[in-house]
Amino acid sequence: MTQKTVGEFAAAHTRELARLLRGLRARLEIADPDDWARAEDPRPLPSASEAAPGVCASAESASVEIRLAKLKEDVLACRKCPLGAQRLNPAFGVGSASARVMFIGEGPGYEEDRQGEPFVGKAGQLLDRILAATGLSRKTEYIANIVKCHPMADPSDPSKRGNDRQPSPEETASCRHYLDEQILLIRPRCLVALGAVAARVLLGTQEGITRLRGRWREYLPAGGEDPFPLMPTFHPAALLRDPNLKADVWTDMKELKRFLEKA
Ligand code: SF4
């Protein structure tokens, strides 16, 4: 091996070592829930209008906003399932009518029931930090749930904390069309299912979230013509219980970012 070849060999291995160290540091940097902000990528994603030049985005999004407001009125008056009589406030959805990504959870909890907005408790605050680290926010994207009213384990006491349960198949079936209409109105580039319940309902599978997460699938809303790309990831509440899952969610968010940059 010539001297020059030895130098090239050493340089290649130094670069590889640096790459491995960067990857290791990225995993360690999000070892704490409060460290999502430190992982924030300074490069903002292109806005929806930048990413789709030539579209009259403001007129289109105003029309979508009006139709979303009408749909929200329907939800406010809805009593199609027993949750309607138990809730304090439905959590319809929040975000931009021209969102590129729709994040979908299973249903509102204690704080969401009080504030009438999805993901506003501790898990929601963590979701906000995850979005910020990905160059997104709840103002530029859209956040919704499969069911709009709080499923309570003990409906006789809505003031009790931790009084949550998963929505039943009947409640999910009653409410699903609202989510489908939200998707078809906003037409995001992709969907992200937050947690096992949302992923299983949308994908019609019993597979575990550990196997489902991080892989692109498709979801076709009722009445839609083309399926939307959908990626499941862990629910932020799962990260609060087990911080070891954060590295996987960060991997999924980087994949989401790659998808948006090329979409
Ligand atoms: S959960 Fe959905 S279907 Fe049931 S009452 Fe609330 S809005 Fe209506």
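The values are calculated or read from the model by the stated rules, or taken from the named source; none is laboratory data. This one's a predicted model, so the numbers in the text were calculated from it and none came from an experiment. FYI the Cβ positions are ideal-geometry reconstructions off the backbone, even for glycines, and counts take in every protein chain you see.
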Could you identify the single residue in Glu60, Glu73 that is at pLDDT 95 or above and more than 22 Å from the chain's Cα centre (by Cα)?
Glu73
Please enumerate the residues belonging to the range 210-237 that are within 14 Å of the chain's Cα centre (by Cα), in a helix (DSSP H, G or I) and surrounded by fewer than 23 Cβ atoms within 10 Å (Cβ to Cβ).
Ala237
Would you point out the residue of the range 125-162, among those that are within 16 Å of the ligand (Cβ to nearest atom) and of a type outside the set (A, V, I, L, M), that is nearest to Phe103 (Cα to Cα)?
Asn145
For the range 77-135, what are the residues that are under 20 Å from Glu65 (Cα atoms), more than 13 Å from the chain's Cα centre (by Cα) and not in a loop (DSSP other than H, G, I, E, B)?
Ala77
List pairs: first residue in the range 77-93 and more than 6 Å from the ligand (Cβ to nearest atom), second residue of a type in the set (Gly, Ala, Ser) anywhere in the structure, Cβ distance under 6 angstrom, at least six positions apart or on different chains.
Asn89/Gly116; Ala91/Gly116; Gly93/Ala144
Being more than 21 Å from the chain's Cα centre (by Cα) and either aliphatic (A, V, I, L, M) or part of a strand (DSSP E or B) (or both) is the filter; apply it to the range 142-174 and report the residue that is farthest from Pro108 (Cα to Cα).
Ala153
